[in-house]
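Below: the structure, in structure tokens.
The values are calculated or read from the model by the stated rules, or taken from the named source; none is laboratory data. Just so we're clear, the structure is a prediction, and the values are computed from it rather than from any experiment. Reconstructed Cβ throughout: ideal geometry from the backbone, glycine too, with neighbour counts over all protein chains shown.
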Amino acid sequence: MQQFNIEKPQDEVRSYLQEKIDNLTKPKGSLGKLEDLAMQIGWIQQSLNPKLTNPCHIVFAGDHGIAAEGVSPSPQEVTYQMIVNFWNGGAGINFLARQHGFDLKVVDAGVNFDFKPEDPIIHKKIRKSTRNYLHEAAMTHEEMELAIKYGAECVQACFDEGCNVIGFGEMGITNTSSSSLWMTYLTGIPLDQCIGAGCDHTGNIIGHKYKVLKQSMDNYKGDASVEDIMRYFGGYEMVMTVGAMLKAAELKMIILVDGFIMTNCMLVASKLNDKVLHYAVFGHQGDEAGHKLILDYLKAKPILNLGLRLGEGTGALCAYPIIDSAVRMINEMNSFKEIKVTKYF
């Protein structure tokens, strides 16, 4: 599998960043989370004057064979229908991308639909849906490696356009099921605590969902390595996101992490290379049952908690103005050294 050369940012700059933040015209620590974010972004960029340039958001889309088992109340055709909604500009992620100035890119990773070459999406289809992991691996080793490669290529293209802050989202009916399996295998948290209602707001599907996923685990005969769990239970859109996150960290980009599914992609990425976490900014704690547990496992401190569970990257983009505020704070506030204000605490 493709390897990524991810470096931990050098720590020398942290003391200088802290000194600058502490000497802004405010009581020390009084801007709370903004100060933490400014520190992280300055550390990532190795700069006392960090910048956010050409923000991009990539939505990876793919279908899942496990949908045949009825683990979601939504029919599989919703995946391709929502892609059409994305390119027509009418989805949740669209208004947020417009509001916050993000270049939105939609990638067909493995949707069970024949898009036309001229359709306004990025064509990276590996296969029309993964296989049904109740009975067999969702994808082959070769397909997994191709997904990692394609995800990395999508990020490289954004970087080449001058992007240094990137968000990721997903579209794929039943991908909360795949995420729950990644989570239970890689954290040891019991399956029943990893499963949520997904798009079923009634919660009626959870019992059936648990039975199908538990049987899938019982049927699994692999070696339980990170790569094998990713391959056996993953979706093409999810594995592409893992590759994308690893590449973004290699390129020293700021990674905006969305909800339950994207946090599980970051979990897998961190199991492959733990340095990726240095570049991750967790946008929000979602309403999916297992999201708080996986955030706690990763020792992540999300910016927002708005009861969101849409996916698409909406929570990450909702948090972006706060990240922007943190950068503006460190760049635009005066320091006590610059103006005649008595330092106060």
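Only residues that are crowded, with 24+ Cβ neighbours inside 10 Å and in contact with a Cys (Cβ under 6 Å, 6 or more places away or on another chain) were counted in segment 36-67, giving 2.
Where helices (runs of 4 or more DSSP H) sit wholly within segment 202-256, those with at least 2 residues that are closer than 14 Å to I66 by Cα occupy 206-219, 226-233. One residue alone among H141, H100 is at pLDDT 95 or above, surrounded by fewer than 20 Cβ atoms within 10 Å (Cβ to Cβ) and either under 30 Å from P321 (Cβ atoms) or in contact with a Gly (Cβ under 8 Å, 6 or more places away or on another chain) (or both), and that residue is H100. All of (1) surrounded by 14 or more Cβ atoms within 10 Å (Cβ to Cβ); (2) more than 23 Å from the chain's Cα centre (by Cα) hold for K105 with one exception: (2). Listed by first and then second residue, the pairs linking a residue in segment 309-338 that is surrounded by 15 or more Cβ atoms within 10 Å (Cβ to Cβ) to a residue that is β-branched (V, I, T) and assigned to a loop (DSSP other than H, G, I, E, B), with Cβ atoms under 7 Å apart and 6 or more places separating them unless they lie on different chains, are A319/I303; I322/I303; M333/T25; S335/T25; F336/T25.
Scan segment 19-35 residue by residue and report those that are touching a residue at least 40 places away in the same chain (Cβ under 8 Å) and in a helix (DSSP H, G or I).
In the first step, residues of segment 19-35 are kept if they are touching a residue at least 40 places away in the same chain (Cβ under 8 Å); the result is 20-21, 23-28, 31, 33-35.
The answer is K20, I21, K33, L34, E35.
Within segment 288-300, if we keep just the residues that are in a loop (DSSP other than H, G, I, E, B) and in contact (Cβ under 8 Å) with a residue 60 or more places away in the chain, the residue that is surrounded by the most Cβ atoms within 10 Å (Cβ to Cβ) turns out to be G290. Collect the residues in segment 261-315 that are touching a Ser or Thr at 6+ places or on another chain (Cβ under 6 Å) and within 17 Å of M240 (Cβ to Cβ), keeping them in residue-number order. Passing the criteria: I261, N264, C265, V276.
Looking for whichever is of a type outside the set (D, E, K, R), closer than 18 Å to F168 by Cα and surrounded by 23 or more Cβ atoms within 10 Å (Cβ to Cβ) here; the options are H284, H278. Which one fits? If you could, list the steps in order and put the result at the bottom.
Working: H278 fails: surrounded by 23 or more Cβ atoms within 10 Å (Cβ to Cβ).
Matching residue, one of H284, H278: H284.
Conditions tested, residue by residue: (1) at pLDDT 95 or above; (2) in contact with a strand residue (DSSP E or B) (Cβ under 6 Å, 6 or more places away or on another chain); (3) among the charged types (D, E, K, R).
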{"site": "R231", "(1), (2), (3)": "yes, no, yes"}
{"site": "M238", "(1), (2), (3)": "yes, no, no"}
{"site": "I255", "(1), (2), (3)": "yes, yes, no"}
{"site": "K275", "(1), (2), (3)": "yes, no, yes"}
{"site": "A280", "(1), (2), (3)": "yes, yes, no"}
{"site": "H291", "(1), (2), (3)": "yes, no, no"}
{"site": "D296", "(1), (2), (3)": "yes, no, yes"}
{"site": "M329", "(1), (2), (3)": "yes, no, no"}
{"site": "M333", "(1), (2), (3)": "yes, yes, no"}
